[in-house]
Amino acid sequence: VEYSIYFLSTGDVEAKDVLVCDRIPTNTSFLRDAYASTPADPLGSQPNRLGIVLDYNGNEYALTGATDGDAGVYFPAGLEPSTQFPDVECGGTNDNGAIVVNLGNLPPATSAGAPTESFGVLRFQTQID
């Protein structure tokens with residue numbers, strides 16, 4: 001099952017330090033390797049496999065889901081996202097996993113499709129258990 005979360009900054013001022021948190025639904029498992037990215041891995045056997053995709057500012061970013069410096073992090077069940085992102089509010093306890101994507105600052109949209117930094121979509125996949 002693929003989940004898509006659309007975001008749009010519609011305020012009058014820049015949205016600061018935007019964090020998107022989504023819980024992994026009960027009876028599903030997060031797929032850490034749902035998406036391929038390029039370039040291929042150094043051994044040339046398979047493309048890199050990643051768990052989250054962010055379409056933003058006219059670009060597509062494949063995010064690992066690991067705490068490795070990119071914008072997306074997967075938190076397994078029992079590990080609260082607030083341990084890494086103290087200001088994130090995910091609503092409830094982390095019983096089945098959660099993802100957090102750090103979008104940083106988003107300028108307000110001024111018209112349809114402008115600026116491109118004011119909107120986007122993130123995607124991840126789960127498997128039904």
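The values are calculated or read from the model by the stated rules, or taken from the named source; none is laboratory data. Quantities reported herein were computed from a predicted structural model and do not represent experimental measurements. All Cβ positions, glycine included, derive from the backbone under ideal geometry; neighbour counts span all protein chains shown.
Summary table
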{"quantity": "Of residues in segment 61-78 being more than 16 Å from residue 19 (Cβ to Cβ) and of a type in the set (A, V, I, L, M, F, W, C), the one modelled with the highest pLDDT", "calculated": "77"}
{"quantity": "Residues of segment 13-39 classified as modelled with pLDDT of 95 or more and assigned to a strand (DSSP E or B), total", "calculated": "12"}
{"quantity": "Those residues of segment 102-129 which are crowded, with 16+ Cβ neighbours inside 10 Å, among the hydrophobic types (A, V, I, L, M, F, W, C) and more than 18 Å from residue 25 (Cβ to Cβ), in sequence order", "calculated": "103, 106, 109, 119"}
{"quantity": "Residue count for segment 65-99, restricted to those that are surrounded by 11 or more Cβ atoms within 10 Å (Cβ to Cβ) and out of contact with any helix residue (DSSP H, G or I) (no Cβ under 8 Å at 6 or more places or on another chain)", "calculated": "20"}
